[in-house]
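Note sheet for the following structure.
The values are calculated or read from the model by the stated rules, or taken from the named source; none is laboratory data. This one's a predicted model, so the numbers in the text were calculated from it and none came from an experiment. Note that each Cβ is placed from the backbone with ideal geometry, even for glycine, and that neighbours are counted across all protein chains shown. SASA here: full protein model, heavy atoms, side chains in, ligands and nucleic acids out. Shrake-Rupley method; radii C 1.70, N 1.55, O 1.52, S 1.80 Å.
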Amino acid sequence: MERIATLKSDQVPDRYSIFKLHLSLLERGWLKEAGTVFTETFRSLSGRTFSYIRHSSNGHEIDRTDFYIEDDAPQPEISQFLEEVLSDANVLKLAEYFQINLQSLKFDDVVKYIHQKISPRYSEDLDKFDGFMLLAPISQPPSVSVPQGYVLGSLQEAHIELVARQWSLDSGVEYCSKLLDEVRTSISDRPGFGVFPANCPAPVAWCCIDSGGAVRMLHVQTQHRGRGLARILVRSVLSAAQQTHGTQYRLHSCVKKINTPSLNLFLSEGWDLQPKNFKIMFVRKY
């Protein structure tokens, strides 16, 4: 397994759209977390390409790794690649919560390998991504008018605490400095949109794009629902992403199974429901 020049987004087949977009975020300045995001690419003896993108926090803890492994890659080469990425030294650097993303038919094989590599210290968090994954359409979203009395605008630093507190309530993630930092980078590094009542500085609905190209934090306050604000926000972030990256670079979204309104919204907007959720979270036991 030989290290080669870093894979470029336009070299990744559209079939692996999540990794393709993730690379594009790096290339086009939508992922500015200097020193915390690292990517490498390898070529096997048979000429196959393998790659990964690693996210770290606190200067050393590995929070997430996204993999590029083709559907027909042979198992011995996959194991060799994973040994490079998950060396014993790197396993010791895994954060309390460690996420992997892999949009491939080899997903289950890779998860099995990682299980064996990091157990018994880690176990799956079965509830974290127990939901539906959807991919954005490659067509441009229709324009939509904002209802009277509302204004569509960009999220600003002043909105970070509001968005983070609501995201904590919606997702069950602990409200802490790490959560605030994640919201801050989502707003500062990538387009985030809010819907504001006229002459009001605080949004009543909002949506962001996270560091992996997922639509996140979509929320509409209860008293403002039923006006199509979520649809406006989803179309706005999709349009912004397509303008910068192109329609072949597809956003994705993970929707909880109990969140029927959000699922129906994305499906009505032409988002493609995937056969499985290509994400998994491991949690440290001790």
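Selection of region 201-233 for residues being among the β-branched types (V, I, T), touching a residue at least 12 places away in the same chain (Cβ under 8 Å) and farther than 21 Å from N101 by Cβ yields V204, V220, I232. The one condition from (1) in contact with a helix residue (DSSP H, G or I) (Cβ under 8 Å, 6 or more places away or on another chain); (2) farther than 17 Å from S211 by Cα; (3) open to solvent by 40 Å² or more (accessible area, probe 1.4 Å); (4) not aliphatic (A, V, I, L, M) that S79 does not meet is (3). Residue count for region 240-262, restricted to those that are surrounded by 13 or more Cβ atoms within 10 Å (Cβ to Cβ) and more than 18 Å from G213 (Cα to Cα): 1. Of the residues making up region 164-182, those that are surrounded by 13 or more Cβ atoms within 10 Å (Cβ to Cβ) and of a type outside the set (D, E) are A164, R165, Q166, W167, S168, S171, V173, Y175, K178, L179, L180. Filtered by the rule that a residue be surrounded by 17 or more Cβ atoms within 10 Å (Cβ to Cβ) and over 15 Å from F42 (Cβ atoms), region 82-96 gives L94, A95. As a summary of the residue check, I62 satisfies the conditions (1) surrounded by fewer than 20 Cβ atoms within 10 Å (Cβ to Cβ); (2) under 19 Å from K279 (Cα atoms) except for the one numbered (1). Tell me yes or no: at least one residue of region 43-58 is more than 16 Å from the chain's Cα centre (by Cα), within 25 Å of K128 (Cβ to Cβ) and not hydroxyl-bearing (S, T, Y). Yes; the residues of region 43-58 include at least one that is more than 16 Å from the chain's Cα centre (by Cα), within 25 Å of K128 (Cβ to Cβ) and not hydroxyl-bearing (S, T, Y).
Taken over region 115-142, the criterion of being open to solvent by 60 Å² or more (accessible area, probe 1.4 Å), of a type outside the set (D, E), in contact (Cβ under 8 Å) with a residue 24 or more places away in the chain and in a loop (DSSP other than H, G, I, E, B) is satisfied by P120, R121, K128, I138, S139, Q140, P142.
Looking only at residues in region 267-286 that are open to solvent by 60 Å² or more (accessible area, probe 1.4 Å) and not in a loop (DSSP other than H, G, I, E, B), the one that is farthest from V144 (Cα to Cα) is R284. The set of residues in region 143-171 that are closer than 13 Å to C207 by Cα and without any contact (Cβ under 8 Å) to a residue 40 or more places away in the chain comprises Q156, I160, A164.
Kindly indicate whether any position in region 69-83 is at pLDDT 95 or above and under 30 Å from I187 (Cβ atoms). No, region 69-83 contains no residue that is at pLDDT 95 or above and under 30 Å from I187 (Cβ atoms). Evaluated against (1) farther than 25 Å from Q274 by Cβ; (2) in contact (Cβ under 8 Å) with a residue 12 or more places away in the chain, Q103 falls short on exactly one condition, (1).
Annotation: Q148 fulfils all but one of (1) surrounded by fewer than 13 Cβ atoms within 10 Å (Cβ to Cβ); (2) not in a loop (DSSP other than H, G, I, E, B); the unmet one is (2).
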